[in-house]
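Here the structure comes first, spelled out in structure tokens, and everything after it is commentary.
Read the figures in this text as sums done on the coordinates, not as results from a lab. Just so it is clear, the model here is predicted, and its values are computed rather than measured. Cβ coordinates were reconstructed from backbone atoms using ideal geometry, including for glycine residues, and neighbour counts include every protein chain displayed.
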Amino acid sequence: MRVEKVINYVLNLLEEKLPAGLVYHLPDHTLDVIEAAKRLAVMERLDPQNQQLVIVSAALHDIGYVDKYNSNEDVAVKIAKEILPSFGFEENEISAIESAVLATKIPQTPQNIIAQIVCDADLDYLGREDFFSISEKLRNEWINFGLIDSDENKWNLIQYKFLSNHRYFTQSAAILRNHSKAIHLQTILTKISK
């Protein structure tokens with residue numbers, strides 16, 4: 001019950017406070033990451049309590065965007081510390097959630113299985129069929145925030161470098177997503193060489 005309450009709180013806050021210009025880091029992305037996190041937590045055979053921590057971490061991982069774009073993870077942790085006690089989370093649970101949220105900062109640095117699952121869930125789309133439509137949303141968001149210009153070849157180079165250096169941390173995510181991710185990498189490479 002407390003997990004659902006946190007998810008509802010997060011989704012409401014995102015709906016109300018996300019800045020204009022975001023087209024990737026929207027409530028839909030948060031819900032997508034929650035679903036991927038649930039799937040991976042089961043596949044990795046986490047016990048029910050750790051599954052809860054994974055789901056709450058996934059829900060909170062991008063809540064910092066309500067306040068700022070860069071280093072949003074730090075803001076997310078601050079918000080988590082403020083709200084989670086009222087939902088019945090203990091200090092050790094909050095600490096695990098903070099660690100998982102901070103681990104999603106690129107480059108990802110997960111130190112335990114909870115953080116590994118959240119990191120893998122956050123980038124689950126890299127190895128899915130909807131990769132190109134989702135990455136186009138991210139590209140448009142970065143253009144909106146002045147992080148890149150609209151040059152498609154530059155974007156393809158960024159994508160190629162990112163996918164080349166990315167690895168999934170859990171065996172479950174690797175099994176589910178590595179094959180498709182490799183295909184996407186080749187597709188991007190053919191776009192660059194044209």
Being within 13 Å of the chain's Cα centre (by Cα) and either at positive phi or crowded, with 19+ Cβ neighbours inside 10 Å (or both) is the filter here, so list the residues in region 115-134 that pass it.
-> A115, Q116, I117, V118, C119, D120, A121, D122, L123, D124, Y125, L126
Out of the residues in region 159-177 that are exposed (fewer than 15 other Cβ atoms within 10 Å of the Cβ) and not small (G, A, S), state the one that is nearest to the chain's Cα centre (by Cα).
-> R167
State all residues of region 62-104 that are β-branched (V, I, T) and outside any loop (DSSP other than H, G, I, E, B); if no residue qualifies, say none.
-> I63, V66, V75, V77, I79, I83, I94, I97, V101
Some residue of region 142-164 being within 21 Å of A37 (Cα to Cα) and among the basic types (K, R) | no
Any helices (runs of 4 or more DSSP H) falling wholly within region 122-194 and containing at least 1 residues that are within 21 Å of N70 (Cα to Cα) and either without any contact (Cβ under 8 Å) to a residue 60 or more places away in the chain or in contact with a Pro (Cβ under 9 Å, 6 or more places away or on another chain) (or both) | 131-144, 152-165
